[in-house]
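First up is the structure itself, then whatever we jot down about it.
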């Protein structure tokens, strides 16, 4: 079973405390129930990404201001969405977006979506992250690679998204050996198109591969026409109850 590949030390993580990272729900006007649900007491949230309009938008959005404020009041970390475009986005544009997120929404950090993975791009990503940390004290930085990047990226961020894709790939995925040098709290897995009947198996994969921040959904990516992360999975209550208790496999 490929997903049960052990770490380099010959042990697997089976006692990982799991929590949710929300990649980015639709606008609060479109998905009011989803945003409201995130403030339910006891929901094990690590952070929530705020993506106003492919970034912070051109002006403060009152509905997003309210949603972000409710999350902060509930003690939930809110991250601003920055699209790195695999390295094609300019440094100045990213910093400008970060300033708007901080000025308007008082975010607690940033999620760098479509982050490059190769070694050659690391210096520029490191430069961006260093600047973001200078702008925001105690900023939580998530690099959204979607796959295992060059190991050096782990030294620049608080967390790396090392899997983002369909269940059909996740169930046969393997963990990179270098991740064994870091605790599970450093890694995130996002899986779409995952049927309810495979929930236990998916939770086992995340624990065995050492990823403590997850988001699983039965919503599907229809060739880019629909964003599978914009709404909650049909089994949200069930998965909250399973990982909210802290029970490990």
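Observations on the model:
- Close Cβ contacts (under 6 Å, 6 or more residues apart or on different chains) running from residues in the stretch 181-202 that are without any contact (Cβ under 8 Å) to a residue 40 or more places away in the chain to residues that are assigned to a helix (DSSP H, G or I) and buried (at least 17 other Cβ atoms within 10 Å of the Cβ) comprise 182/154; 189/206; 191/167; 191/170; 193/167; 194/167; 194/202.
- Answer residue from the stretch 1-28, given it is farther than 17 Å from residue 229 by Cβ and modelled with pLDDT of 90 or more and is surrounded by the most Cβ atoms within 10 Å (Cβ to Cβ) among those: 18
- Enumeration of residues in the stretch 100-115 that are over 21 Å from residue 86 (Cα atoms), in contact with a helix residue (DSSP H, G or I) (Cβ under 8 Å, 6 or more places away or on another chain) and not in a loop (DSSP other than H, G, I, E, B): 102, 104, 105
- Look at (1) surrounded by 17 or more Cβ atoms within 10 Å (Cβ to Cβ); (2) assigned to a helix (DSSP H, G or I) and you find that residue 92 fails only one, number (1).
- Within the stretch 50-65, the presence of a residue that is in a helix (DSSP H, G or I) and under 25 Å from residue 239 (Cβ atoms) is excluded.
- Unique residue being assigned to a loop (DSSP other than H, G, I, E, B) and either in contact with a strand residue (DSSP E or B) (Cβ under 9 Å, 6 or more places away or on another chain) or closer than 22 Å to residue 242 by Cβ (or both) when the list is 211, 206, 202: 211
- Note on the stretch 166-196: residues that are in a strand (DSSP E or B) and surrounded by fewer than 17 Cβ atoms within 10 Å (Cβ to Cβ) total 1.
- Condition broken by residue 99, with the remaining ones in (1) under 22 Å from residue 61 (Cβ atoms); (2) surrounded by 17 or more Cβ atoms within 10 Å (Cβ to Cβ); (3) free of Cβ contacts under 8 Å to residues at least 60 places away in the same chain satisfied: (2)
- Of the candidates 69, 75, the single residue that is in a loop (DSSP other than H, G, I, E, B), without any contact (Cβ under 8 Å) to a residue 24 or more places away in the chain and exposed (fewer than 14 other Cβ atoms within 10 Å of the Cβ) is 75.
- Restricting the stretch 136-147 to residues that are surrounded by fewer than 23 Cβ atoms within 10 Å (Cβ to Cβ) and touching a helix residue (DSSP H, G or I) at 6+ places or on another chain (Cβ under 7 Å), the residue that is farthest from residue 181 (Cα to Cα): 136
The values are calculated or read from the model by the stated rules, or taken from the named source; none is laboratory data. Just so you know, these numbers come straight off a predicted model, no measurement behind them. Quick reminder, even Gly has a Cβ in these numbers, built from the backbone with ideal geometry, and neighbours come from all protein chains shown.
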